[in-house]
Amino acid sequence: MMRQQIFIISKSGYSMVYLRQTLSNYSKLIVLFSAILLTACQSVGTQYKFPTAAEKSANFQPVDRPFLASLVETHRLYINNFNEEGCYSGRTLIDGPVKLRANEPITITYEASFSAESPASVLEEKSCQIFFRFTPRENAHYRVQTEINVSAAADTPGIKAGTPICRIMLQQVMNDGSVQPEPMVSLSLRAKKWACFKIQSKEEWLAEAKADEEADAREEAQDAAEEKAKEEAKAKAKAAAKTPVVAQ
């Protein structure tokens, strides 16, 4: 099973991502890697470098909205970390208010697994996973509200009643205590190559795939040109060998 993510700016002024799981043709690597992430309950691999007191920072606070505890087994937020090639290299658990590095894009994952004891007639899916990215501004205060519930028939068009819905609402808390929706980008987990997984937007993935295709085409053209030059050189050498030498 893989997840289909839908990004919404709701009329009530909240930035919101909601998700439901659907069948897809994604690589088995993605399915396996996603399952591994869901079972890893702590920080793993390369860790996020939290800002020092001397560095520019922003405040980030997770807030859980009420949900049916009987439905949820675990739910967590993680900061995703990447190597120089942009491949996933580890993640850092967010278990309370933290400071984030200002003016640097950050990719966060919200994961929840639903109780195995929940009736199958109510919960057809057993987990959800949401990836999103935003860029914290210096001295800003952000809060991310997480919400889990079961959809009713008229909740969301195209989503079957009884489907578990995971929501993320990212807000900036202003100095006067009011809140404003904070723009964020919905992302997906994708397999770039063996042992390289990327968390990207659809636009980023398509642009990278196009660039890879163009690079492959250039490499193939160069290889073909080199092969042609070799064949021409061989033909010239063969022709020269057959040409009789005329004595002077």
Of the residues that make up the range 146-165, is at least one buried (at least 16 other Cβ atoms within 10 Å of the Cβ) and modelled with pLDDT of 90 or more? no
Residues that are within 24 Å of Ala195 (Cβ to Cβ) and among the basic types (Lys, Arg), drawn from the range 77-107: Arg91
Filter result for Arg137 (charged (D, E, K, R), in a loop (DSSP other than H, G, I, E, B) and at pLDDT 90 or above): yes
So, in the range 76-118, how many residues would count as being in a loop (DSSP other than H, G, I, E, B) and under 19 Å from Thr52 (Cβ atoms)? 5
If we keep just the residues of the range 192-216 that are of a type in the set (A, V, I, L, M) and out of contact with any Lys or Arg (no Cβ under 8 Å at 6 or more places or on another chain), which is modelled with the lowest pLDDT? Ala195
Restricting attention to the range 177-188, does a residue exist that is of a type in the set (Val, Ile, Thr), more than 17 Å from the chain's Cα centre (by Cα) and within 30 Å of Ala140 (Cα to Cα)? yes
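The values are calculated or read from the model by the stated rules, or taken from the named source; none is laboratory data. No experiment lies behind these values; they were computed from the predicted model shown. Neighbour counts are summed over all protein chains in view; Cβ atoms, including those assigned to glycine, are modelled from backbone coordinates with ideal geometry.
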